[in-house]
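K.L.:
Take this structure, written in C-alpha cells, and hold onto it; I'll ask about it next.
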Amino acid sequence: MRFRPFLSPLHTRPCQNPRHRNPHRSSFLSLNPSSSSSMTTGARPLPCDPEEDPDEAICAALDGACSLSDAAGPPPGPTEIPLSGELRVARAWAHWRRIGAPRLVVAPMVDNSELPFRMLCRRYGAEAAYTPMLHSRIFSENEKYRRMEFTTCKEDHPLFVQFCANDPDILLEAAKVVEPYCDYVDINLGCPQRIARRGNYGAFLMDNLPLIKSLVQNLSINLHVPVSCKIRIFPSLEDTIAYAKMLEEAGCSLLAVHGRTRDQKDQKKIQADWDAIKAVKDALKIPVLANGNIRHMGDVYSCLDHTGADGVLSADSLLENPALFAGFRTMEWKEEEDGDGGLDQADLVVEYLKLCEQYPVPWRMVRSHVHKMLGDWFRMHPQVREELNAQSKLTFEWLHDMVKRLKELGGRIPLYQKGGAEERIMANGHAAYNS
Ligand SMILES: Cc1cc2nc3c(=O)[nH]c(=O)nc-3n(C[C@H](O)[C@H](O)[C@H](O)COP(=O)(O)O)c2cc1C
C-alpha cells in the first residue's frame, strides 16, 4: 500500500491517555471521504474547493480509509472533579517527562507545520511538533476539513494539536475528536492577523480573559490529554504575568510564550522579548516554552539560558532550514568554524517530497515549502522559480525533475555545521546525521 497514513492511537511509549495503551487497536487508521459522520450535519463548504483550485487538491491518493470519528471510538468521559493546584502541576510535569521532556519544538504554522514537514523536522532533531492551527468550529462541523487538514501517524509524537476557538463547547467537541492522537490539545491565543480579529479568536481573545479562562477550564476538566496554550505577551509585564497565572490556574498544563505583543506583527524586524518570557517562567509552576528569534542552535542555547524555559519553539527559520535542530545553519548564520555539512536545502526538498508521497497533503502546502526551502537556489536561478509559478498543476515527477535541473544548472548552497561533515565523519567513523 503506497499510502500508510494517518491516525494511530497506538504508541510505543507509555502515555497518559488510556486509549493509547489499548493493545487491540490497529496501528494505522485513515480517513474515508465517503464514510458518514454525525459531525457532518450542518457542514459548511470548505473555504477553498479542490475541484476549482488544483493547489487545494491532495497531492497523492488516499488508500484504505475509514472515518476519523469511527477510528476514534466512543469519546472518553470527563476526567473527574477539577484537581487541586499542586496535583495539577505535578501531573503537568509527569506528563511532560513521560513524553520525553521535549525541548526542540516545531511551532504551529498554518499550511506549513503539516504532517510531512513535521516528520522531516523530526528526522533532523525536532523533539516535538504542533499541527497548524485548526478552526474548531469548521473542524467539528465538516468531515472534509478534518480529512484534509488534520493527518498524523504513529511516529508523529509528541504532538500538539492546535485549535482556535471562542466557544468552549465547540472547542471541546473538536478536541475530543483529536485527543486519542495527540499529546496536548493546544489553544491558539496568539494569532494577531485580521482574520483572527474578524473571527474573534487568537490574540483578540486577550480582550476577554473570562472567555479564555472558560475555554481552558472546559478542556482541562473534560479531556484526558492535557491542555496547552500559546500566547503573546501584553505590553505590560504585570498584565502578562497575571494572564499566564490565570491560564495555569484554569488548568493549562504547558504554556508557550511568544515574546511579542499582539501589535508586533513584523517578526523579522521586532526582537522577541526574552526578558518577558523569563518573567513568565519564573512566575509559573508548569512547563514553559519560549518562542521568538530561534534561527539556529546558538539561539536555542542562548534562549534557554536567558529565559530558563523548558524548551523552545521555532517557526519561520525552520521553513527555510528544517535541519536547524540538528545543528545545521544557513549561509546567513554560518559561523567561522562551521564547515559544509554535506546537506543543502535541495536535498531537504527531495526528502520532503518523498514524505508527501507517503503522507499526502494539499498541493498548496507542498508549493509553499518548495518555495521556502529553495529560496536561495531560486535567487541564483530565477527562471526556474518562474517555471514553478507557471505550473498550475504540480506533480511529484515535475518537482523532482525541477530539483535535478537546479542542481545541473550548477552552484552549491550548503547548510553548515560545526566542523562540517568531513570532520564529523573522521571523528565518529560515521556521519553524524542520518537521513
Ligand atoms: C507561516 C507561518 C504560519 C503560522 N501559523 C501559526 C499558527 O497556525 N498558530 C500559531 O499559534 N502561530 C502561528 N504562527 C506563528 C509562529 O508559531 C510563531 O509564534 C512565530 O512565527 C514566532 O516564531 P519565530 O520567530 O520562530 O518565527 C505562524 C508563523 C508562520 C511563519
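Every read-out reported here was derived from the displayed coordinates using simple, explicitly stated rules and does not represent laboratory data. Please read all numbers here as calculations on a predicted model, not as lab measurements. Counting neighbours? That spans all protein chains shown, and the Cβs are built from the backbone with ideal geometry, glycine included.
K.L.:
Using the alpha-carbon centroid of each, what span in Å lies between the range 358-385 and the range 222-289?
P.N.:
Going from one Cα centre to the other spans 33 Å.
K.L.:
While we're looking at this one, here's another question. Could you work out, for the range 241-298, what percent of all Cα-Cα pairs fall into each 5 Å distance bin, beginning at 0 Å and stopping at the bin that holds the largest distance?
P.N.:
Result returned by the calculation: 4, 19, 27, 22, 15, 10, 2.
K.L.:
Another question, then. Tell me the trypsin sites (Lys or Arg not before Pro) within the range 318-400 that lie in a loop according to DSSP and have at most 11 other beta-carbon atoms within 10 Å.
P.N.:
Sites meeting the loop and neighbour criteria: 393.
K.L.:
Show me the GluC sites (Glu not before Pro) within the range 262-345 that DSSP assigns to loop and that have at most 16 other Cβ atoms within 10 Å of their Cβ.
P.N.:
Passing both the DSSP loop test and the Cβ count: 335, 336, 337.
K.L.:
Can I ask one more? Among 371, 410, 395, whose Cα sits farthest toward the positive end of the charge dipole of the range 341-428 (+1 at Cβ of Lys/Arg, -1 at Cβ of Asp/Glu, about the Cα centre)?
P.N.:
About the Cα centre, the residue reaching furthest to the positive side is 371.
K.L.:
Assuming R0 = 51 Å, can you tell me the calculated FRET efficiency for the pair residue 316 and residue 84, based on Cβ-Cβ distance, to the nearest 0.05?
P.N.:
0.80
K.L.:
Using a cut-off of 17 Å between alpha-carbon atoms, which aspartates and glutamates can reach residue 268, once sequence neighbours fewer than 8 places away in the same chain are excluded?
P.N.:
In chain and number order, the partners are 299, 316, 320, 332.
K.L.:
Additional query: State whether the range 94-218 is rounded, prolate or oblate according to the following rule on the C-alpha gyration tensor (a ≥ b ≥ c being the square roots of its eigenvalues): a/c under 1.5 gives rounded; otherwise a/b larger than b/c gives prolate, and the remaining case gives oblate.
P.N.:
Judged from the Cα gyration tensor, the range 94-218 comes out prolate (a/c at least 1.5, a/b above b/c).
K.L.:
Please state the charge dipole magnitude for the range 341-428, taken about the Cα centre, from unit charges on C-beta atoms (+1 on K and R, -1 on D and E), reported in debye and rounded to the nearest 20.
P.N.:
So the magnitude is around 240 debye.
K.L.:
Work out the FRET efficiency for residue 239 and residue 306 from their Cβ-Cβ distance, taking R0 = 25 Å, and round it to the nearest 0.05.
P.N.:
After rounding, the FRET efficiency stands at 0.70.
K.L.:
Give me the one-decimal nm value for the distance between modelled label points at residue 60 and residue 211, 7 Å along each residue's Cα-to-Cβ direction.
P.N.:
If labels sit at residue 60 and residue 211, their model points lie 4.1 nm apart.
K.L.:
Using a cut-off of 10 Å between beta-carbons, work out the net charge of the residues near residue 170 (Lys and Arg +1, Asp and Glu -1, residue 170 not included).
P.N.:
It works out to a net charge of -3.
K.L.:
For residue 393, list the aspartates and glutamates whose Cα falls under 17 Å from its own Cα; do not include residues on the same chain fewer than 8 positions away.
P.N.:
Leaving aside aspartates and glutamates fewer than 8 places away in the same chain, those within reach of residue 393 are 49, 51, 52, 53, 55, 56, 357, 401.
K.L.:
State, as an integer percentage, the relative contact order of the range 341-428 based on alpha-carbon contacts under 8 Å between residues 6 or more apart.
P.N.:
56 percent
K.L.:
If the limit is 31 Å between Cα atoms, which of 278/354; 144/230; 334/404 go over it?
P.N.:
278/354
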